[in-house]
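Below is one structure, written out as structure tokens; the observations come after it.
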Amino acid sequence: MHAAVVVFPGSNCDRDLAVAFEAAGARVSKVWHKDTEIPAGVDIIGIPGGFSFGDYLRCGAIAANSPICRSVAAHAARGGYVIGICNGFQVLTETGLLPGALLRNAGLKYICKTVGLKVETSASVFTEGYNAGDVIDIPIAHHDGNYFADDDIIARLQGEDRVAFTYTDTPNGAKADIAGILSENRRVLGMMPHPERAADAVHGGTDGQALFRALAGALTAA
Amino acid sequence: MKARVHVMLKNGVLDPQGEAVRHALGALGFDGVHGVRQGKVIELDLEDGATEADVAAMCEKLLANTVIESYTVEMG
């Protein structure tokens, strides 16, 4: 598996994401926001967490309009895989690759803690290492993680089995407890929690490992 | 020429910051504030001849996220 991790000014989880990919057996290329091409042969693009462009205007809005994001959209349009974590999820909603938006947390506070996540579907390369219904412990660290979409979109996400993860005890006001969603072709995942921060025993938890291992298994075999 | 863009969260989208401001006003004794919605104002300094349609295009592309926000444009 060859993974590309996009780096924006203000990204701060790019290295952690690269390490998690590498630990699962991937080759990783870092890609700068001003680059216009994704390296040839990349199977999956990771959009990392952080505060791209200082969260100016709206979280992820300026990153979503950076040169590299046109290539990310083209990669997704070709059926390529993309994972956006935290700020990366915000970028994916701002690009329109995923529906909805991430609003300020309902309690207005930045929240940094480990939360319980229910795996809602195992039917994706991202989640097939879990069983639907599993509850896993994954850290969150965000100020704007309150998932919002209109009722029709929420119903559609649920009806099409595209809710990947929900919170067991929603910390941020997210509609329908949504923590992560899949694109229509199930190849783009956006999630607020950080699986790359629970991917090694020294992190204090390894519940995120199965996501990266499943990806490596599926995309290496492909 | 100048343009002024007002961006507001759409009706039906919870505005926790506006709610916090409403509570703070109540705590200061300003009774009778039934609701507060907080938005932003963006001022643009434009080449002469720019049209409202140009600014609307900027709003659609970047300045507002129309999933959650509405905008109005004031020219001049």
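The values are calculated or read from the model by the stated rules, or taken from the named source; none is laboratory data. Keep in mind that this is a model prediction, so the values were computed, not measured. For neighbour counting, all protein chains shown are included, and Cβ atoms are generated from backbone atoms with ideal geometry for every residue, glycine included.
For B:A53, indicate whether it is over 16 Å from the mean Cα position of the chain (by Cα) and over 26 Å from A:C69 (Cβ atoms).
Taking the combined requirement at face value, the residue does not satisfy it.
For a quick check of your reading of the model, give me the residue pairs whose first member lies in region B:4-28 and is more than 11 Å from every other protein chain (Cβ to nearest Cβ), whose second is among the acidic types (D, E) and loosely packed, with under 14 Cβ neighbours inside 10 Å, with beta-carbon atoms closer than 6 Å and at least 6 apart or on different chains.
Close Cβ pairs (under 6 Å, with a partner that is among the acidic types (D, E) and loosely packed, with under 14 Cβ neighbours inside 10 Å) amount to B:R4/B:E43; B:R4/B:E74.
Within region A:56-108, can you find the residues that are of a type in the set (G, A, S), surrounded by 21 or more Cβ atoms within 10 Å (Cβ to Cβ) and at the interface with chain B (Cβ under 9 Å from one of its Cβ atoms)?
A:A61, A:A64, A:G100, A:A101
Inspect all residues belonging to region A:90-107 and state whether any of them is among the hydrophobic types (A, V, I, L, M, F, W, C), modelled with pLDDT under 95 and under 22 Å from A:L157 (Cβ atoms).
yes
Of all the strands (runs of 3 or more DSSP E) wholly in region A:122-206, which have at least 1 residues that are in contact (Cβ under 8 Å) with a residue 60 or more places away in the chain?
Because the criterion is at least 1 residues that are in contact (Cβ under 8 Å) with a residue 60 or more places away in the chain, the strands (runs of 3 or more DSSP E) in region A:122-206 that meet it are A:135-142, A:178-182, A:188-191.
Can you tell me which residues in region A:36-55 are β-branched (V, I, T) and crowded, with 16+ Cβ neighbours inside 10 Å?
Scanning region A:36-55 gives A:I38, A:V42, A:I44, A:I45, A:I47.
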